[in-house]
Structures are given as structure tokens and as C-alpha cells.
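Here, each number is a calculation from the coordinates, and none is a lab measurement. Because the structure is a prediction, the values reported are computed rather than measured. Glycine gets a Cβ as well: all are built from the backbone with ideal geometry, and neighbour counts include every protein chain shown.
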Amino acid sequence: MTRHIMVLVLAGTLAGAGTAGAANRACGLLTAAELESAVGGKVSGLSQGGAGVAGVEMCSASTPAASILLRIAKSSGRPSGEAERAGLEIARKMGAEVEVRTFGPVTCSTIVPPQSMADYGFNTTCSVVKAGQVAAIEVNAKSRKDQVPIEKLRPLAEKIAGRI
């Protein structure tokens, strides 16, 4: 559920600006060491790729307890947060606990699925909009105990803000 919702939110939030032929910048947003400090485990596999959303540069990694996705794209130009709110409302209607907090240009959210959908994982995402771009870090933990709190992911989003 959360992976599907986050992809929907991402697709609705980001513009379809082409990046064909351009270097993927998503893997340069954070280092493995920076990620490890937040997620509490050894990060492996920082590699380009992702869900194949047009105009979105993605980089993925993993730990034994979670998957990590870094992404960057041009901002859609729509009112800030419109698509995200719609996606989070879908999650709420499915019975998920959703928390959203904003810190200046950084917006973070957590999604805790209902017990019946716990296999989909426990999501924490922080994004930042700057200079016509939106970048995000998303961590999808396998269990509630491994879910990364907003307080740990927010500093990484602030680092991302300085790098886009």
C-alpha cells in the first residue's frame, strides 16, 4: 500500500520534464554514511534506477530492515502539497495512520498501514522544494520497530536542500 501510494504521490507531484541523456543526480544527494546514520544499519546498493517515472531521477539503496529511495525532479508548478495531500488522504481512507509535519521548505510524512496491510511496510518520507526542483528521501521499513522517525530523516532532507 505505502509503496503504491508513494509512487502515486510522486507521479502527481513531479513534472514530466525529460532527463534523457542527463546524468542521474539522485545518487549524489546523500552518501551511504549519511544514510546509515539515520536508518541505523549498513546501507548497500546505492544505484540508479527506480519506478521509471518520466522526468524523475532516482537512486535506491537498502539495509537489512528497509529500502531507501532518493529522487529529484523539476517541480510540477502546481500548488505546493496538493498531490501529496490527495495521496495521503487515500492512505487514511485505507485505514493507515498518517502524520505530516512541515519545517520551512521541508515536508515530512509517516504512513503506518493498518494491521491487515503491514506487509507493505512502514513509510517515512521527507521532501524539499527549492529552485523549481523537488527532491526527496523515502524509507520503507519492513516493520514498525524499524520505521525511521521524522526527526532522523529531516536532517537528511535539509542536507538535500543544500545540494539541489
Would you calculate the convex hull of the Cα atoms in the range 105-164 and tell me its volume per residue in Å³?
73 Å³
Distance in nm between label sites at Gln133 and Gln48, each 7 Å beyond Cα in the beta-carbon direction?
1.5 nm
How large is Rg over Rh for the range 53-164, taking Rg from the Cα atoms and Rh as the Kirkwood inverse mean of 1/r across Cα pairs?
0.95
